[in-house]
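First up is the structure itself, then whatever we jot down about it.
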Amino acid sequence: MSRRLAAGAATAVITLLTLTASGCGSTGLTAPRLQTSLSSTFANLYVLQQTEQGNPKPSAASLKSQASCQKGGTPDIPQDGSGAWLCQITYLVAGPGYPVIAKYNVDVQTDGCYAADGDGPASVNGSPTIIGPHYAQLINPLSLIDGCFDTT
Amino acid sequence: MTLAADQWPAYAEPAAGPAGPSDPRQRSGTLVVWRLELAKLRGQWRVRAIALMCLVGPFVIVAGLNVQSATPGDTAFGQWVHTSGFAIPMVILGFGGQWLLPVGTAVVAGDIFSSEDHFGTWKTILTRSRSRGELFAGKFLAALTFATATMVLLIITDLLAGLLAGTQPVVGLGGQLVTASHATELVVVSWLSVIPPVLGFTALAIFTSVASRNSAVGIGVPVVLTLAFQVVTLIALPAWGQQVLLSTPFTAWHGFWEQPAYVGPFLYGLLTSAVWFTLCSAAAWLVFRRRTIGGAS
């Protein structure tokens with residue numbers, strides 16, 4: 001009796017939540033939030049990558065990195081929610097005249113955390129490892145970027 | 001013999017004089033039950049097994065990571081486990097937190113009331129000098145104590161295992177390098193932040209234990225709900241729908257590792273945990289207070 005009651009209550013809760021799922025309200029997983037988070041995380045990790053390779057340390061702000069993300073790669077579908085996003089990060093390495101574009105396949109989870117997988121250029125985010133001083137193999141921080149943003 | 005809810009002997013204090021409201025023994029009835037329940041818990045093999053797992057588990061994981069070069073890449077901090085020891089407690093929290101912690105507390109809380117049904121001992125303990133409220137509070141407190149104690153133990157062993165693995169700066173979720181001292185703080189605070197939802201699951205398991213009078217259901221329903229939350233989370237719920245789930249507060253710690261750090265999900269998570277805790281405790285008490293002990297069930 002009480003077992004059926006508990007099972008019924010659980011089913012009711014889940015059904016209710018599922019029904020409201022399709023309904024009103026944003027998931028909070030929006031393009032501007034993702035872009036702001038990804039571009040600043042990328043800039044910090046770029047500085048780390050350069051330092052680890054023994055290159056002169058740039059400042060994260062000087063990169064003026066800007067991300068532009070589209071869900072599913074096209075603007076046709078609603079630009080909101082978890083799933084596969086495509087992002088391009090434009091940043092300035094050698095002055096305003098030389099923008100570089102780094103591409104990422106971004107998997108956004110419902111809690112606002114994402115995993116951005118590097119998709120070129122190969123010299124920046126293509127390889128999972130980089131060569132440090134004394135030929136040490138280090139993790140390329142730009143190859144896979146884990147980050148999160150506030151959905152509340 | 002049937003003891004209806006309102007007719008059972010409330011205070012059968014044996015030859016100890018009148019039990020007035022100022023009697024200290026009466027006021028400490030909850031504490032007596034609490035101490036007794038903790039002693040009973042200490043004797044259970046599953047409690048000992050969980051304690052042992054909390055004690056050695058993190059060190060086993062560190063040792064396991066040491067003998068292989070692969071990384072758990074599909075979770076936050078996963079790729080940094082060989083670079084910094086601080087990544088390891090966070091991988092454990094991200095990987096196992098939403099599953100293992102609710103199950104761990106449910107194993108005890110989902111059994112603490114229904115075991116009396118299983119052994120048919122309600123009649124025995126309710127005819128003692130402890131009121132129904134004292135019994136409920138004492139058992140409830142014992143389950144909460146177990147949950148909190150194992151969490152504290154797990155925080156300590158996790159941090160020690162991480163420190164043992166290496167104290168290099170760790171890459172935070174904002175791409176920033178986090179120094180050893182700050183990372184130590186963040187590891188502890190992140191783990192502390194999942195205690196409220198763990199206590200929420202404790203209250204939930206108490207409720208299922210009281211309502212079902214069956215330990216398999218008492219433990220099983222919270223475990224199944226944990227899995228159900230994981231499935232529901234995958235749906236594109238609106239933000240408030242995610243916040244209602246008791247599994248969401250387990251991920252709030254991610255914000256602490258961002259730059260700038262944010263605590264919005266943590267604060268909403270506190271509210272979510274408090275609501276679940278209150279509703280489940282109240283429901284459990286209502287069921288427990290009205291039930292008939294000793295009759296055919």
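The values are calculated or read from the model by the stated rules, or taken from the named source; none is laboratory data. Since we're looking at a predicted model, the values are computed, not measured. Using ideal geometry, Cβ is built from the backbone for each residue, glycine included, and neighbour counts are taken over all protein chains shown.
From the list B:245, B:237, which one is crowded, with 20+ Cβ neighbours inside 10 Å, modelled with pLDDT of 90 or more and touching a Ser or Thr at 6+ places or on another chain (Cβ under 9 Å)?
Result of the check over B:245, B:237: B:245.
Among the residues of segment B:71-96, how many are in contact (Cβ under 8 Å) with a residue 12 or more places away in the chain and either acidic (Asp, Glu) or in a loop (DSSP other than H, G, I, E, B) (or both)?
Residues flagged as in contact (Cβ under 8 Å) with a residue 12 or more places away in the chain and either acidic (Asp, Glu) or in a loop (DSSP other than H, G, I, E, B) (or both) within segment B:71-96 amount to 10.
For segment B:240-256, name all the residues that are facing another protein chain (nearest Cβ under 8 Å) and closer than 27 Å to residue B:176 by Cα.
Residues satisfying the conditions are B:248, B:251, B:254, B:255.
Would you check if residue A:59 is away from chain B (no Cβ under 14 Å), closer than 20 Å to residue B:174 by Cα and surrounded by fewer than 16 Cβ atoms within 10 Å (Cβ to Cβ)?
Against the criterion (away from chain B (no Cβ under 14 Å), closer than 20 Å to residue B:174 by Cα and surrounded by fewer than 16 Cβ atoms within 10 Å (Cβ to Cβ)), residue A:59 does not qualify.
If a residue has to be at pLDDT below 65, within 7 Å of another protein chain (Cβ to nearest Cβ) and under 30 Å from residue A:67 (Cα atoms) to count, how many in segment A:1-49 make the cut?
So the answer is 2.
Enumerate the strands (runs of 3 or more DSSP E) found wholly within segment A:64-152, keeping only those where 1 or more residues are more than 14 Å from chain B (Cβ to nearest Cβ).
In segment A:64-152, the matching strands (runs of 3 or more DSSP E) lie at A:66-71, A:83-92, A:99-108, A:129-131.
Could you identify the single residue in B:152, B:178, B:170, B:194 that is touching a residue at least 24 places away in the same chain (Cβ under 8 Å) and surrounded by fewer than 22 Cβ atoms within 10 Å (Cβ to Cβ)?
B:178
So if I check each of B:250, B:277, B:266, B:256, which one is hydrophobic (A, V, I, L, M, F, W, C) and out of contact with any Gly (no Cβ under 7 Å at 6 or more places or on another chain)?
B:256
Kindly list the number of the only condition in (1) among the β-branched types (Val, Ile, Thr); (2) within 14 Å of another protein chain (Cβ to nearest Cβ); (3) touching a Phe, Trp or Tyr at 6+ places or on another chain (Cβ under 6 Å) that fails for residue B:155.
(2)
From B:146, B:207, which residue is buried (at least 23 other Cβ atoms within 10 Å of the Cβ) and within 14 Å of chain A (Cβ to nearest Cβ)?
B:207
For residue B:194, indicate whether it is more than 14 Å from chain A (Cβ to nearest Cβ) and at pLDDT 90 or above.
Spelling it out, it is not the case that residue B:194 is more than 14 Å from chain A (Cβ to nearest Cβ) and at pLDDT 90 or above.
Anything in segment B:275-288 that is exposed (fewer than 15 other Cβ atoms within 10 Å of the Cβ) and either small (Gly, Ala, Ser) or away from every other protein chain (no Cβ under 12 Å) (or both)? List them, or say none.
Result: B:275, B:278, B:282, B:286.
Evaluate segment B:59-75: report whether one residue or more is under 21 Å from residue B:193 (Cα atoms), within 14 Å of another protein chain (Cβ to nearest Cβ) and of a type outside the set (Lys, Arg).
Yes; the residues of segment B:59-75 include at least one that is under 21 Å from residue B:193 (Cα atoms), within 14 Å of another protein chain (Cβ to nearest Cβ) and of a type outside the set (Lys, Arg).
Every residue, every condition in (1) more than 14 Å from every other protein chain (Cβ to nearest Cβ); (2) closer than 24 Å to residue B:52 by Cα; (3) out of contact with any Phe, Trp or Tyr (no Cβ under 7 Å at 6 or more places or on another chain), yes or no:
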site: B:78; (1), (2), (3): no, no, yes
site: B:83; (1), (2), (3): no, no, yes
site: B:98; (1), (2), (3): no, yes, no
site: B:104; (1), (2), (3): yes, yes, yes
site: B:108; (1), (2), (3): yes, yes, no
site: B:133; (1), (2), (3): yes, no, yes
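Scan the helices (runs of 4 or more DSSP H) fully inside segment B:97-177 and keep the ones with 3 or more residues being among the aliphatic types (A, V, I, L, M), touching a strand residue (DSSP E or B) at 6+ places or on another chain (Cβ under 7 Å) and over 17 Å from residue B:209 (Cα atoms).
No helices (runs of 4 or more DSSP H) qualify here.
Of the conditions (1) without any contact (Cβ under 8 Å) to a residue 12 or more places away in the chain; (2) assigned to a helix (DSSP H, G or I); (3) touching an Asp or Glu at 6+ places or on another chain (Cβ under 9 Å), residue B:228 clears all except one; give me its number.
With (1) without any contact (Cβ under 8 Å) to a residue 12 or more places away in the chain; (2) assigned to a helix (DSSP H, G or I); (3) touching an Asp or Glu at 6+ places or on another chain (Cβ under 9 Å) applied to residue B:228, the lone miss is (3).
Can you tell me which residue is farthest from the other protein chains (Cβ to nearest Cβ) among those in segment B:257-274 that are in a helix (DSSP H, G or I) and closer than 26 Å to residue A:43 by Cβ?
That would be B:266.
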